[in-house]
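Chemist: Below is a structure I'd like to ask you about.
The values are calculated or read from the model by the stated rules, or taken from the named source; none is laboratory data. All values derive from a computational prediction rather than experimental measurement. So basically every Cβ, Gly included, is an ideal-geometry build from the backbone, and we count neighbours across all protein chains shown. Note: accessible area is taken over every heavy atom of the protein model, side chains too, but ligands, DNA and RNA are not part of it. Shrake-Rupley method; radii C 1.70, N 1.55, O 1.52, S 1.80 Å.
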Amino acid sequence: VIAFEDHKPKAKFHALIIPKRYIPTILDLDLSSIMMLSLLEEMESTAETILKERYPEEYNNKDYIVCFHIPPFTSVNHLHLHVLAPASQMMSFYRYGKYNCGS
């Protein structure tokens, strides 16, 4: 996977984690595949590592968001995991709307 900061951040820290292999969206994952599950675990682990290193207080206080967008709410046609911190300082629309893990 590759991680980089978003060019239009919606939080003090906003990074994207993408697989090197092209996968259009999360709906294109075959979740019965061990390889796909390990990819998701690697993406999540990378997010945790970045948060622990760059924002340890936010990580320890769970003041962050890690989420995927589900089509049709994707703006980029490549699977990517958003990492945002601190969540408590984000605008409400982004925190409770666009980047709400349940939405």
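Chemist: State to the nearest 20 debye the size of the charge dipole of the chain about its Cα centre, where the only charges are +1 on K and R beta carbons and -1 on D and E beta carbons.
Modeler: In debye, rounded to 20, the chain gives about 360.
Chemist: What value does segment 2-97 have for Rg/Rh, both radii from Cα atoms and Rh as Kirkwood defines it?
Modeler: Here the Rg-to-Rh quotient is 0.96.
Chemist: With an 8 Å cut-off on Cα pairs and a minimum separation of 6 or more residues, tell me the relative contact order of segment 1-83 in percent.
Modeler: Values: 98 pairs, mean separation 32.3, N = 83.
With pairs under 8 Å counted, the relative contact order is 39 percent.
Chemist: Now, a different point. Reachable lysines from Lys12, Cα under 23 Å, same-chain residues fewer than 8 places away excluded?
Modeler: Straight-line reach from Lys12, under 23 Å: Lys52, Lys62, Lys98.
Chemist: Using the heavy atoms of the protein chains and a 1.4 angstrom probe, tell me the accessible area per residue for segment 2-97 in square angstrom.
Modeler: Details: 5950 Å² over 96 residues.
On a per-residue basis, 62 Å².
Chemist: Can you compute the helix-only [θ] at 222 nm over the chain? Use -39500 (n - 2.57) per DSSP H run of at least 4 residues, normalise by all residues, nearest 500 deg cm²/dmol. Let's see the in-between values first.
Modeler: Working: 2 runs with 26 residues, N = 103.
Helix contribution divided over all residues of the chain: -8000 deg cm²/dmol.
Chemist: In segment 2-97, carbon and sulfur make up what percent of the accessible area (probe 1.4 Å)?
Modeler: Ligands and nucleic acids excluded, carbon and sulfur give 55 percent.
Chemist: Sticking with this structure for a sec: Working from Cα positions, state the angle (0 to 90°, nearest 10) between the long axis of helix 34-54 and the longest principal axis of the chain.
Modeler: So the inclination is approximately 20 degrees.
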